[in-house]
Amino acid sequence: MNILLFSAIVWAGACLAGFLGSLTGLGGGVVLVPMLTLLLGVDLRYAVGASLVAVIATSSGAAAAYVKEGFSNVRIGMFLEVATTLGAILGATAAAFIPASAIAVIFGLVLIVSAYLARRPRPVSDRQLPPDPIAVKLMLNGDFPEGEGLRHYNVQRVPLGWGLMCGAGVLSGLLGIGSGAMKVLAMDQAMKIPFKVSTTTSNFMIGVTAAASAGVYLGRGYIDPGLSMPVVLGVLAGSWLGTRVLVKTEVRVLRLVFALVIFGLGLEMLYKGLAGRF
Amino acid sequence: MASREWNDRRIEDLVGNLLRAGVLLSAGIVFAGGILYLWRHGLEPAGFNVFKGEPSDLRSISGILRDTFHLRGRGIIQLGIVVLIATPVARVALSILGFIEEGDRLYVGIAAFVLVVLLYSLLSSGFAG
């Protein structure tokens, strides 16, 4: 296969990755790594480097729209980034002592259970809960566009959410993938933030988490321009499309797509963990 | 509280514009480099199945800049990737300015902390040389 054809195939795959990534708040890596390694036989290290580039591109490309339209909550994002960046450093340090394969198996099981939980909408009674005093102090509560107007929401269980975000950071430091899923789940299931706000705020945050480890990947020579070129251009096109679609799509459908993608990610984690590929 | 609402909208606008500018700049550079790269190497076989690691000039900022001045396609693409990586970092830095303007000390502290950790992990990796 020549480089021209290879680039065209990667570009098309990256479009899909950017589309699903921006729609679900998971980043583009979930789709990209299996496609590059299993379908195109790309070495895992190049694939991981390309996936990192894809995550940053999805995040920044889609967040530009989501922030302006009032979906992403900048304060929630900032406050939780403290936890994820600290967690990422902890995870990278702990990687030398903890068997990553065992973590991958546990994480895979957690994702499969979460896929089941996340596919159902939360009860409407959740919306009437009184505000968490910590959320008030940190000014995390906000509103987002729904239907013709704005819907207000109160953020719940801030300490639990913060702790889970630390865990998301540790996972990304340890496994290099999958922190987007933990982020969405922590905001949606634990902090009871509306689903569209959870996915778009996760999307806003993952760029920072990924940028933190980008230096290491560049320095080790994992980021190849020949791969990055179709990946960046494809992901940006796909994520732009994703932002157009998210606005109009019902939450029920978005939850289903999210559940399917994290179910796939869970299986991938289980397989890799059991095969000892971390 | 009305003024806070107004200011948060302003921060959201600033951050949104910055992200858009960073992404478009990066995509433009990558696209230009990509055309050069495909023009010169498009018909060669793709060899990503064996990991060789990037040559040293593509692993550091100074090397990437040198390649760009020599109009090497791969160096130019890599410059676009560096712009892409810098975009979220610049986003955090810009929101510090926004929160300062808003007089929100708590969030100036939170954003500054994130920026320091981010720069630490980026710069300690050695590619900034």
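None of the figures in this text is laboratory data; all of them are computed from the coordinates on show. Keep in mind the model is a prediction, meaning the values are calculated, not measured. In this analysis, Cβ positions are derived from the backbone assuming ideal geometry, glycine residues included, and neighbour counts consider all displayed protein chains.
Near A:SER60, once Lys and Arg are set to +1 and Asp and Glu to -1 for all other residues with Cβ below 12 Å from its Cβ, the sum equals +2. For the stretch A:98-218, the Kirkwood radius over C-alpha pairs fed into Stokes-Einstein at 4 °C and 1.567 mPa s yields D = 83 µm² per second.
Note on A:LEU90 and B:SER124: the model spin-label points, each 7 Å out from Cα along the C-beta direction, lie 1.5 nm apart. Listed by Cβ neighbour count within 10 Å, with the fewest neighbours leading, A:PHE71, B:PHE31, A:PHE144 appear as B:PHE31, A:PHE144, A:PHE71.
Fully extending the segment from A:ARG244 to A:ASP143, taken as 0.36 nm per residue of separation minus the present Cα-Cα distance, adds 34.4 nm. Estimated from helical segments only, the mean residue ellipticity of chain A at 222 nm is -24000 deg cm²/dmol, where each DSSP H run of four or more residues counts as -39500 (n - 2.57).
Ordering B:VAL83, B:ALA46, B:LEU94 by Cα displacement along the dipole of the stretch B:27-124 toward the positive end leaves B:ALA46 in first place; charges were set at the Cβ atoms of Lys, Arg (+1) and Asp, Glu (-1). Taking every lysine pair in the protein assembly as shown that is 8 or more places apart or spans two chains, those with Cα atoms closer than 29 Å amount to 15.
The tail of the calculated P(r) for the stretch B:1-76, taken as Cα-Cα distances beyond 20 Å, holds 54 percent of the pairs.
Here the calculated FRET efficiency for A:LEU44 and B:LEU71, from their Cβ-Cβ distance with R0 = 22 Å, stands at 0.10, rounded to the nearest 0.05.
Per-residue ellipticity at 222 nm from helix content only, as computed over chain B with -39500 (n - 2.57) for each DSSP H run of at least four residues, stands at -27000 deg cm²/dmol.
If one takes the longest principal axis of the Cα atoms in chain A, at what angle in degrees, from 0 to 90 and to the nearest 10, does the Cα axis of helix A:251-274 lie? Between the helix axis and the principal axis of chain A, the angle is about 40 degrees. Distances between placed amide hydrogens fall under 5 Å for A:GLY70 paired with no residue 5 or more residues away or on another chain.
Taking the three principal axes of the alpha carbon atoms in the protein assembly as shown, the coordinate ranges are 62, 47, 43 Å, sorted in descending order.
Working from label points 7 Å from Cα in the Cα-to-Cβ sense, the B:TRP39 to A:LEU117 distance is 5.4 nm. In this Cβ point-charge picture (+1 for Lys and Arg, -1 for Asp and Glu), chain A has a dipole of about 360 debye about its Cα centre. Over 24 Å apart: what share of the alpha carbon pairs of chain B falls there, rounded to a whole percent? For chain B, the fraction of Cα-Cα distances above 24 Å is 45 percent. Label point 7 Å out from A:ASP126 along Cα-to-Cβ: which residues of the stretch A:132-147 have amide N under 20 Å? The answer is A:132-136, A:140-147. For A:GLU146, the amide hydrogen comes within under 5 Å of the amide hydrogens of A:ARG151, counting only partners 5 or more places away or on other chains and with H modelled in the peptide plane. Positive-end ranking of B:ILE29, A:LEU109, A:VAL10 along the dipole of the protein assembly as shown, with charges on Cβ about the Cα centre, is headed by A:LEU109. As a proxy for reagent exposure, A:ASP188, A:ASP43 were ordered by neighbouring Cβ count within 10 angstrom, fewest first; the result is A:ASP43, A:ASP188. Taking the Cα centre of the stretch B:1-82 as reference, the dipole from Cβ charges on Lys and Arg (+1) and Asp and Glu (-1) amounts to some 160 debye.
Using θ = phi - 60° in the Karplus curve 6.51 cos²θ - 1.76 cosθ + 1.60, the 3J(HN,Hα) couplings for the stretch A:232-246 round to 4, 5, x, 4, 5, 4, x, 6, 4, 4, x, 5, 5, 6, 4 Hz; x is entered for Gly and Pro.
So how strong a dipole does the stretch A:128-266 carry about its Cα centre when Lys and Arg Cβ are +1 and Asp and Glu Cβ are -1, to the nearest 20 debye?
For this selection, approximately 100 debye.
Using a simple spin-label model with pseudo-atoms 7 Å out from Cα toward Cβ, A:VAL136 and A:ILE106 lie 3.7 nm apart.
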